[in-house]
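Taken together, the values in this text are just the output of simple stated rules run on the coordinates, not laboratory data. Here the structure is a predicted model, which is why all the values come from computation and not from measurement. Methodologically, a virtual Cβ is constructed for each residue, glycine included, from the backbone with ideal geometry; neighbour enumeration extends over all protein chains shown.
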Amino acid sequence: MRSLLFVPADSEKKIAKAMSVGADCLILDLEDSVAPARKAAARPMAAAFLRAARDRPNRPKLYVRINALDTAEWPADLDAVMPARPDGIMHPKPRGAEDVDRLAIALDHAEAKHGIPTAATRIIAIATEVPMAVLTLPTYLEASSRLEGLTWGAEDLSALMGSSATREAGGGWTSPYRLARDLCLFTAMAAGRQPIDTVYVDFRNTEGLAEECRLAARDGFTGKMAIHPDQVATINAAFTPTSAEITWAHEIIALFRDNPGAGALSLRGQMIDRPHAVRADRILIRAKLAGL
């Protein structure tokens, strides 16, 4: 998933529009973008949309962001949306893999109740939204097999930290949030899950978004969350391998296939070794997922 677009679950207009913007994943939001007084109304709206959309051809993945597990809202969220069979649940504010495992058990029961294949419902965890979560990131190495990806967030974390800013004057992250970002990336890769970059809140700043996407893709993230439909095309472009990258990857794979006993080889005057082959494999996987 290159682009994951948040959509308020209490807005039929925004949900309907979101299907046509090209996002790889829609996240129907029952948490932050829905006011407390609207949550009860948002649940059946999300479920109705899931039922209507899940059998459409070439549809995006359909996730639901439930409310945090330390609230009284999340059981009602699952009760409402699980009969409609979402592809996954976005888990906000987990304190570590223990919370993910708790959610996974609840999904076990919901799937059994509604005749859904076991473990069909995946989980993406927003792994840095509370201070404790940053200290427990290594626990995700042993998290539930339902865990599809890890992403991170600065807004909720900064509120709890009392930070006056999350970014430097030039736009880069300040030190605490750069640390959270980097640890999320390392943890996702070590756990074999997709590393997904956080939202870019200045949604009218297309150049700033493009630069942040470029840096995220450079560092190893393979997707990014979006808060506005206009961000989707920029995100998709940044996380889609270029034709030059795909050609390079095919050449690397072919080179090692034709020289199976070699440890290091030469391509266009450069030394190539096994780490290059690993990177080439990852490029071709991303290209295939993007339909290239």
Worksheet item: What nm value, rounded to one decimal, do you get for the distance between Glu245 and Asp108 when each label is placed 7 Å out toward the C-beta?
Response: 3.8
Fill in: Distance violations [Cα-Cα > 26 Å] among Lys14/Lys39; Lys39/Lys288; Lys17/Lys93
Lys39/Lys288; Lys17/Lys93
Discussion item. Can you return the aspartates and glutamates within cross-link range of Lys61? Criterion is Cα-Cα under 13 Å, with same-chain partners fewer than 8 residues away left out.
Written reply: Asp24, Asp87, Glu148
Practice prompt. Can you pull the one-decimal nm distance between simple spin-label points at Arg178 and Asp32, each 7 Å off the Cα toward Cβ?
Written response: 2.2
Worksheet item: Ordered by residue, what ³J(HN,Hα) values in Hz, to whole numbers, does the range 71-84 give under the Karplus form 6.51 cos²θ - 1.76 cosθ + 1.60, where θ = phi - 60° and Gly and Pro are x?
Response: 10, 8, 8, 5, x, 5, 4, 5, 4, 7, 9, 5, x, 8
Worksheet item: Under a point spin-label approximation (7 Å from Cα along Cα-to-Cβ), what is the Glu98-Ser163 distance to one decimal in nm?
Response: 2.5
Worksheet item: So what does the Cα-only Debye profile of the range 65-184 read at q = 0.13, 0.21, 0.23 Å⁻¹, as log10 I(q)/I(0), no solvent term?
Response: -0.53, -1.10, -1.25
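Count charges around Ala287 for me, please; just the other residues with Cβ under 13 Å from its Cβ, Lys/Arg as +1, Asp/Glu as -1. List each step's numbers first, then the result.
Details: positive: Arg2, Arg279, Arg282, Arg286, Lys288; negative: Glu245, Asp281.
Result for the neighbourhood of Ala287: +3.
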Item to complete: Please give the residues of the range 235-270, grouped as numeric ranges, whose backbone N is less than 19 Å from a label point set 7 Å along the Cα-to-Cβ vector of Arg282.
Response: 236-254, 256
Response to the item:
With Tyr177 itself left out, Lys, Arg at +1 and Asp, Glu at -1 over residues whose Cβ is under 14 Å from its Cβ give -4
Worksheet item: Taking only the alpha carbons of the range 3-238, what extent do you get along each of the three principal axes, in Å, biggest first?
Response: 49, 36, 34
Practice prompt. Order by neighbour count: Arg54, Arg43, fewest other Cβ atoms within 10 Å first, most last.
Written response: Arg54, Arg43
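Full extension from Asn58 to Thr118: what is 0.36 nm times the residue separation minus their Cα-Cα distance, to one decimal in nm?
Extending this stretch completely gives an extra 19.2 nm.
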Fill in: Percent antiparallel among DSSP beta bridges (both partners in the chain, rounded to 5)
15
Worksheet item: Working out 0.36 nm times the residue gap between Met271 and Glu142, then minus their Cα-Cα distance, what length gain in nm do you get to one decimal?
Response: 42.8 nm
Worksheet item: Would you list His91, His276 from fewest to most Cβ contacts within 10 Å?
Response: His276, His91
